[in-house]
Amino acid sequence: MRRNPLEWLSEALLTVAAIPVLAMMVHITLDVTLKYTLSTPIQGTLDITSYYYMVSVVVLPMAFVELTRQSIAVDLFYLMMPFRLRVATAGFVLLLSAAGYGGLAAISLPDALRAYHLKEIVAGTINVYVWPMRFILPIALVVTAAVCLMLFYRLLTNSEARKQLTTEHAIDPDLGVG
């Protein structure tokens, strides 16, 4: 089956998110090791961890979480609903999610642009430029909103995807939904 560009991008962002996880692990391990063995910690570790690693780890995988429908869900009443009501509910939630992600992207983009124009830094033990990371949030949110809209489209047009999107959370790699 041919891969949808949004599916590919969601998986790529998930894969890219592994890089800051590994970098954070090495960076913090080195910082602690150097601090307690040579009394020379790596300057700016807290700022770099807070503004670079943690932001990337949290936001980049969001589109993949939506794509695979693996977010936290409470299905207590949902699974008792008739099929058509589940379809309507799933569609409503997907549209509401897309609007929420899109709205957050619209709010965060001006902040990113302002940070870029100011060349925003965090002044601590060293100066850490944080403006580049301000763009990660709106980009990830736009991709996540697009994934929600794609799933909504599939819900309306594809009976297999409709069944998959309205059952319990189970990943179907052929449909890219779960």
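Using a cutoff of 8 angstrom between alpha carbon atoms and counting only pairs six or more residues apart, the relative contact order for the chain works out to 29 percent.
A simple rule links phi to the HN-Hα coupling: the Karplus curve 6.51 cos²θ - 1.76 cosθ + 1.60 with θ = phi - 60°, which for the stretch 97-103 gives 5, 4, 5, x, 5, x, x Hz, with x for Gly and Pro. Ranking of D75, D111 by neighbouring Cβ atoms within 10 Å, starting from the fewest: D75, D111.
Amide H to amide H, with H built 1.01 Å from N, I121 comes under 5 Å of V130, counting only residues 5 or more places away or on other chains. The HN-Hα couplings worked out from phi for the stretch 144-153 by the Karplus form 6.51 cos²θ - 1.76 cosθ + 1.60 (θ = phi - 60°) are 5, 4, 5, 4, 4, 5, 5, 5, 4, 4 Hz, whole numbers, x standing for Gly and Pro. For the chain, the 222 nm mean residue ellipticity estimated from helices alone, with every DSSP H stretch of n ≥ 4 adding -39500 (n - 2.57) and the total spread over all residues, rounds to -21500 deg cm²/dmol.
Computed from the coordinates by the stated procedures, all read-outs in this text should not be read as laboratory data. Computed from a predicted structure; not experimentally measured. Counting neighbours? That spans all protein chains shown, and the Cβs are built from the backbone with ideal geometry, glycine included.
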